[in-house]
Structure formats: C-alpha cells, structure tokens
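Data block below; observations after.
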Amino acid sequence: MKNSDLVVDYLKRSHSRIRALQVLYQDQNWADVMRESQEVVELVLKAVLRHIGIDPPRVHDVSDILEAHQQLLPAGVQAELSQIMKISRSLRRDRELAFYGSEDLTPSHFYKEADAKEALGWAQFVVGLSREIWSEG
C-alpha cells in the first residue's frame, strides 16, 4: 500500500470516528469519549507524518516526531503545533486509564462530561487541521 493510500485511509477513519464520538457523547459515555478521542488524534497525526514521508512509530503520542520535523509539516499544522502536542500528550496520558481503569478507579465514574467535552473538542480541532492534507493525500 502506498503512503498516500495510508494517509487517505487514516483520514477517512478519523472522520468516521468523529461521528462515533458524537454518539458516545450523546450516550454520556465519558470514558469512551476520552479513549476514542485519543485514537482519532493519533490517526490524524500519523496521517500527517505519512504525508511528509515519515513512517510513524508504533507509539500513541507522536508529538516529539512532529516537533523534530516541524519544518516539513503543512502550514496549518505548523501554526498549531504547540497546541497539537499538548492535546496528543494529554489524551495519551488518559488512554489506558479511560479504557481499563485501575484498582481504585472505575472509568465510567472517574471521567465527567467536562472531560469528554474537552476531548471531543480537541479531536474535532485536530481533524479540522487534517483538511489541509486531505486532497493531497
């Protein structure tokens, strides 16, 4: 599969997941909104890396790689890089906790609407930035 095919695939999947996130949000499933928001952001950021010719590593937060190659990034991504990095790191931190919980934490009780609203907004923001490369993919 060509890199450009993967870029388009990642972007299509991220756009579909935004719609799924809205259903999870309507169902007040705050923990799953957190987890899925992270996955949306990860897909878009890996599409951006593939777009600039970098095979992304199999990690959930690619902020450091984006930063190291910022001069190659599309202008819109460059302009928002510090915010993108903050979003990616923050959602990555909650990824497993939102899905599995821990011995003393149940995800559905821990995450609140405000958390989910912020995560959904972040995912929508990052997907919005992907429009710059969508037609080029």
Task: Correct option for percent of Cα pairs over 22 Å apart [calculated from the coordinates] among (i) 35; (ii) 43; (iii) 62 - done: (i)
- [ ] Compare LEU11, LEU97, LEU49 in a GNM of the chain, Cα atoms joined below 10 Å, and give the one with the largest fluctuation.
- [x] LEU97
Task: Among ILE18, ILE54, ILE84: highest mean-square fluctuation, GNM of the chain, C-alpha pairs under 10 Å - done: ILE54
TODO: Given the peptides 31-38, 123-130, arrange them by the average over their residues of other C-beta atoms within 10 Å, most packed first.
DONE: 31-38, 123-130
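Rule-based calculations on the coordinates, nothing more; no lab input. Everything numeric in this text was worked out from a predicted model, so none of it was measured. No Cβ is skipped: glycine too gets one built from the backbone with ideal geometry, and neighbour counts run over all protein chains shown.
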